[in-house]
Amino acid sequence: MNSTHTDDDIARVLQEELANVTLSDRSRRLVCEQTARAWRSEQRLLRGLGIAAVAAGAVIVLNLAVLFTPAATRTQRHHLVTESPAALLQHRMEQTGSRRSM
Amino acid sequence: MSAMNENEPQQTIRLWMSEHGDMVRRTIYVITQDLETSEDLAQETFVKAFRKLHQFNARSRPQTWLYRIAVNTARNHLRRVRPKNVPLDAVAHTLHSDDRWCAVQRLEREHDAAEIRRTVATLPSELRTVVALYYVDGFGVSEVAEITGVPLGTVKSRLSRARDHLRVSLSRITRN
């Protein structure tokens, strides 16, 4: 085996041999297009996630608001919302009566 | 290779492609021994790099990271398909289409090139990978180890085996 050929010789021959192998303009364009498409869809996804996060945040805030509202207020509201119109009228009359007696 | 601009991944990939596009394709070509496939896989490499850019660890060199993707893409391809034997004449025609040299010089050169190609083509894919990274891309042995994910000693022994084959081939050319 001839050992006079150095690594530099091997590198030079191989590099010369491959000098005409290049990445075509078409390939470069295709990569740019694909990355641009991927970037746009990623941005859309992020926007969607952002909206979902805001909505989830709003739900959490509402839940916290309910949680920290005093229990008496909640019961009163519960009465106002769930009871029948007649019961509601009765309730209001009682309230008015109690105010008058004061 | 320039530092990565985190805000503009597309521009980063464009920059890497302009700096390394040709070399990445050459590396993949040496590993796969298929011109057409090397073009497709080079594209795939850059698209993968774009998708994985957020995983890039700034402690390693961008170049090393990019070539690791290229080598893995080529390896995966070889696992999927059988290596295709490209007729040497077809490759020679593609590689030397310009007519700068006179016919005799070109014939001699193509003969030498064919000899080198034949030698590289006969190497196992793991030796071709080391040859591509060390001789074609100019990476150091430790970087080749990092890119291929094999121990330094293994890289050295593979390089030594490949070197022996290539020296024999070059000697044959010199003798002729």
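The values are calculated or read from the model by the stated rules, or taken from the named source; none is laboratory data. These numbers come from a predicted model, not from an experiment. Positions of Cβ are generated from backbone atoms using ideal geometry, with glycine treated the same way; all protein chains shown enter the neighbour counts.
Odds and ends about this structure:
- Of all residues making up the range B:147-165, the number that are surrounded by fewer than 19 Cβ atoms within 10 Å (Cβ to Cβ) and touching a helix residue (DSSP H, G or I) at 6+ places or on another chain (Cβ under 7 Å): 5
- Any hit, the range B:147-154, residues being within 13 Å of another protein chain (Cβ to nearest Cβ), in a loop (DSSP other than H, G, I, E, B) and not aromatic (Phe, Trp, Tyr): no
- Only a single item in (1) part of a loop (DSSP other than H, G, I, E, B); (2) crowded, with 19+ Cβ neighbours inside 10 Å is not met by B:Ser38, and it is number (1).
- Tallying residues that are within 7 Å of chain B (Cβ to nearest Cβ) and of a type outside the set (Lys, Arg) within the range A:8-50 yields 22.
- In the range B:119-146, residue surrounded by the most Cβ atoms within 10 Å (Cβ to Cβ) [restricted to those that are in contact with a Leu (Cβ under 7 Å, 6 or more places away or on another chain) and free of Cβ contacts under 8 Å to residues at least 60 places away in the same chain]: B:Val130
- Of all residues in the range B:8-19 being in contact with a helix residue (DSSP H, G or I) (Cβ under 7 Å, 6 or more places away or on another chain) and within 9 Å of another protein chain (Cβ to nearest Cβ), the one that is nearest to B:Glu126 (Cα to Cα): B:Met17
- Test for B:Arg172: is it over 18 Å from the mean Cα position of the chain (by Cα) and at pLDDT below 80: yes
- Close pairs (6 angstrom Cβ cut-off, 6 or more residues apart or separate chains): away from chain A (no Cβ under 11 Å) in the range B:41-62, surrounded by 11 or more Cβ atoms within 10 Å (Cβ to Cβ) and modelled with pLDDT of 85 or more anywhere: B:Phe56/B:Trp65
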